[in-house]
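A short worksheet on the structure shown next.
The values are calculated or read from the model by the stated rules, or taken from the named source; none is laboratory data. These numbers come from a predicted model, not from an experiment. Here the Cβ is made from the backbone with ideal geometry for all residues, glycine too, and neighbour counts use every protein chain on show.
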Amino acid sequence: MVKELARIRRALDHAPHEVADCELLRRYAREGDQAAFGVLIQRYSRLVMGVCRHAGLSGSDAEDVCQAVFLVLLRKARAGRWRHSIANWLYATARNLAHNARTAASRRAARESKAAVPEAVAPLDAMTGRELLDALAEELDRLPATYREPLVLAFLDGLTRDEIAARLAAPAATVKTRLERGKKRLGAALTKRGVADGFALLALAATAQVGRTSPTLIDSILAASSGHPSPAAVALAQGALVNGTVKRALALILALGAATAGFVALAVEPVAQPPAERMAKAPGTPAAPADQPKATERTLAVTVLGADGTPVQAEVFTVWLRDKPVALGRTKPDGTLRVTVPLKVKGAGGWLVARAKGHATDFTPTGMDYIKNAMTPTADVVLRLPKVRPVKGRVIDSQGAPVGGASVVASSFSAFDSDASADAHMKKWAEELFLRGVPPDGDRALWYSDGYREGSNPDGRSPHVVTTDADGRFTLNGLGAGHLIHLRVRGPGVADTDVITLNRDGFDPAPFNKTARSHKYKEFGGHWWLSGPDPVVVVEPEKVIRGTVTGPDGKPRAGVRVTFTRTGQAAAGAHDGNGAHNAAVTDANGKYEIRGAKKHKGYMVECPPDPAAGLLPRQEYAADTPGYEPVTIDLKCARGVVVAGTVRNKATGQPVVSHMYVDVLANNPFVEKYPRFMDAAGSFSDLYRTDAAGRFRVVTIPGPVLLTAAPDREERGDFKPPVPDPKYPAHFHREGGGLLFDEYRGGRGFVQGNWCRVIDAKATDTEVRADAELEPATKLGVKVIDADGKPVVGCSAAGVTHIEFDSPVEFPGTDTLSVANVGRGEERFLAVFHPTRMLLGTGSVKSDDTNAAVKLGAGGSVTGRVLDGTGKPVAGLVVQLMYARREVEVATQAMEKANGVTTAANGEFRFDRVFPGQEFGLFFARGTTLYGPMFDKRPRYSVTGHGEVRKLGDLPLGEPRNRGD
């Protein structure tokens, strides 16, 4: 599910966000359009979370309410007529559900302690921060909807007046009037309660907003809306749907979530999860295994074969994301070569690549955290070189005239295990992924750093680049037959254009493009289209963006990269990114000219900070100009305060390579004294990466800011989580297991990494010192044993770190898991498996467990047969299995390449390696059509014991529910 949710988030970044709420609901309700509901989730998750914060909820309680609100919206999408904006409805629903959640929490607390009786005091003095927010919420509820809605959008969702006008389809002047009248009414009502409206509105703006919505929150809402909610969210939603058919309604919600949203591969009927089984006890007290030095290299046994399967003597080399390619040697006559390569270079992985004369290249990823088998210390690698097939094509303008002198570069490649796999990928893209804005892809991919026209490291650029002739024609030689190739076309006076071609003789993209284009809501899809092996590329005119970059003294800055990153200027996090990221570098006079941009409604450009010179980042925006007239945007950079220091392991004193983040804290009085620098869309975190000695230099502004150190992800579990700066406790808040801080402009952000400190520099400071010491994690040893009590060496386990959604960790050469940072009173759930012995198991551990062990056994099996409405077996149906427990699902994804099987001719299917004692659901699909048991009869299953075969018997296919039409 993690991989699928990542795909959804990428897809929604390309979805249009100007469509009215009522139209999005209509598309979802009548057509089952998944992208429409996804836009609503992204549009309003911040508002709903703001209501939760306003109600005093935090952590998992707030997340449960957010999930429940959108579950109720799913249920009611088909009921009645919706207004242009649903902000009022969402606000009211969130308020009710948050109240229910808070009441339940209060009742739990009341059973544990007795409340003190307060003394009689003046109304305002008696009001705590919590009561003040309650008063605000109550008076907001009493306002007419006409006035409440713009206030909610302004203060809870952080929209500007113009954005509110667009959301409500009302004139800006009308919105201004409603805001002013709403404030007056709210102020008058609050004054009667002893609250000054200025103070109240300030509190509302400062504490109610969420600020940067957590990516994991978006993921949890997407998952809940597609049939994978938390039990608490279901209970809250049940309370809201009190119409006599609650149970059926919730089943309907979940079925529709999976059948029409298409967000995840399974919908299960949620129930309260059973308590995690306690660990089996093993004799003796296991100690956490001694920390081993992190692997910094990989030893690979490489075999290179040709397309016909015979050995090939080939050149083998690495291509790195952040460095130049490195030659490793030539294979022997039998096609073999043993090499040792760095795990990562400059903190990033890359690919192992082979090429030979008369053959095209093949590749496999290495050193990439999110790819299975790319991080192992040793591996056997087989590379199969495809036959060579050149790509020939032509570039023309919108009038059909040839474009000569254009650059055509093959910037990325996707390979397939077979032609059948390629066809399946293309079919899936046309039927499903196109509507999510996702480009076609393959079984594995390699890409080069050709994202910018200027300034990119030439060593990281693709070697496959040509220039069109006077007739606009080009030929790219040396490319692989059967590869999916991403071409980037750039030329004088034309906008940068992407083309994706499947380089296979006889391939006809028309049926796939027709399927994608035939959907009536194709505007929700991306701009990607498939091309045949010899494409004709049509390019549009470019929009030139130019200007001058100067320093605080007005002198020009040379060699500065300026990037066109956004088409709007709303608060950071808006979905207005320029995916092309057109960029240019300033000349000796500080002038830049960005070429190749497409025409948009507006243009925000930005340049990164310069810690060496002590200069802050800078952004500026300009609206579009008529036609294709150039846009002029000048950037004057301001001087900030440099924070310099080192990051070290507190126990050993050794440096820890880390990313350094700087966030401006609430009430920083210096922000408005500086030109625009906080609205970046690009990520400049690499500029704030320490060197190998752990040294860093970052630049920020005076006043309170938060400095954070975050080691690479695979090392974060080796250190304790961050703790609040003891000198500034008021800036921090605990929510669940996470630490949050008060952001400037209101809202709260998540503290990244493992260490933080508040830096409060003076206006006269130019440089301050801050050294970070990371405290090693506490480790709890957990033995792994088999059914006979014998140790099992070399397992992988999910749940062993405090990092949510962390990938399973491997424990080679030991029978003891090292479980990090189990807090006092906390129970950590583990899902454990052996990658080759077909053993698996689950359990939980507490910090005071002294003899903990998890027992592994053979996985269970599940069999069944799918029948259609006439009782005939259904062949060729995809059956998927998904667990209710996140750790088990993550472990399964690492253990298995896919969680789906296909029914045989007799309709039968079988799953092996099923985790015992863990609830799961089954989901049926064929192409774009999803099936499932009837709504209120959707079953859930589990395998009781190790090795058990659970025979489900005959299962009804159920009613079809299409993803699109």
Query raised in the report: When you go through (1) more than 26 Å from Gly306 (Cβ to Cβ); (2) hydrophobic (A, V, I, L, M, F, W, C); (3) surrounded by 15 or more Cβ atoms within 10 Å (Cβ to Cβ) one by one for Ala401, which number turns out not to apply?
Result: (3)
Query - Scope the range 845-858; condition under 33 Å from the mean Cα position of the chain (by Cα) and modelled with pLDDT of 95 or more; matching residues - result: Val854, Leu856
Query raised in the report: What strands (runs of 3 or more DSSP E) completely inside the range 467-508 contain at least 3 residues that are surrounded by 20 or more Cβ atoms within 10 Å (Cβ to Cβ)?
Result: 484-490, 497-502
Query raised in the report: Assuming Pro556 fulfils every condition listed in (1) surrounded by fewer than 22 Cβ atoms within 10 Å (Cβ to Cβ); (2) on the phi < 0 side of the Ramachandran plot; (3) not assigned by TED's automatic domain parsing to the domain that holds Ala588 apart from one, which condition is it?
Result: (3)
Query - Some residue of the range 324-343 being touching a residue at least 60 places away in the same chain (Cβ under 8 Å), touching a helix residue (DSSP H, G or I) at 6+ places or on another chain (Cβ under 6 Å) and either buried (at least 21 other Cβ atoms within 10 Å of the Cβ) or more than 25 Å from Asp508 (Cα to Cα) (or both) - result: yes
Report summary line: Inside the range 636-659, the number of residues satisfying the requirement of being over 30 Å from Phe677 (Cβ atoms) and either of a type in the set (A, V, I, L, M) or assigned to a loop (DSSP other than H, G, I, E, B) (or both) is 5
Requested in this report: With respect to Leu186, determine if the residue is modelled with pLDDT of 70 or more, crowded, with 19+ Cβ neighbours inside 10 Å and more than 30 Å from Leu24 (Cα to Cα).
Outcome: yes
Requested in this report: Please name all residue pairs, on different chains or six or more residues apart, with Cβ atoms under 6 Å, provided the first residue is in the range 911-938 and is closer than 21 Å to Val888 by Cα and modelled with pLDDT of 75 or more and the second residue is assigned to a helix (DSSP H, G or I) and aliphatic (A, V, I, L, M).
Outcome: Phe915/Val888; Gln918/Val888
Requested in this report: Take the range 868-910 and flag every residue that is modelled with pLDDT of 95 or more and either part of a strand (DSSP E or B) or closer than 30 Å to Arg828 by Cα (or both).
Outcome: Pro873, Glu908, Phe909, Arg910
**Report entry** the range 716-752, residues that are surrounded by fewer than 16 Cβ atoms within 10 Å (Cβ to Cβ) and closer than 20 Å to His659 by Cα
**Finding:** Val723
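Considering only the range 924-931, I want to know if a residue exists there that is assigned to a strand (DSSP E or B) and among the aromatic types (Phe, Trp, Tyr).
Yes, the range 924-931 contains at least one residue that is assigned to a strand (DSSP E or B) and among the aromatic types (Phe, Trp, Tyr).
Would you check if Gly158 is under 25 Å from Ser85 (Cα atoms) and modelled with pLDDT under 70?
On the way: under 25 Å from Ser85 (Cα atoms): yes; modelled with pLDDT under 70: yes.
Spelling it out, Gly158 is indeed under 25 Å from Ser85 (Cα atoms) and modelled with pLDDT under 70.
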Requested in this report: Name the single residue, out of those in the range 837-856 being of a type in the set (Gly, Ala, Ser) and in contact with an Asp or Glu (Cβ under 7 Å, 6 or more places away or on another chain), that is nearest to Pro956 (Cα to Cα).
Outcome: Gly843
Report task. Residue by residue through the range 723-777, note down the ones that are polar (S, T, N, Q) and either in contact with a Leu (Cβ under 6 Å, 6 or more places away or on another chain) or modelled with pLDDT under 90 (or both). Result -> Gln752, Asn754
Query raised in the report: What residue, of Ala681, Ala612, Ala692, is of a type outside the set (Lys, Arg), modelled with pLDDT under 95, touching a Ser or Thr at 6+ places or on another chain (Cβ under 7 Å) and assigned to a loop (DSSP other than H, G, I, E, B)?
Result: Ala681
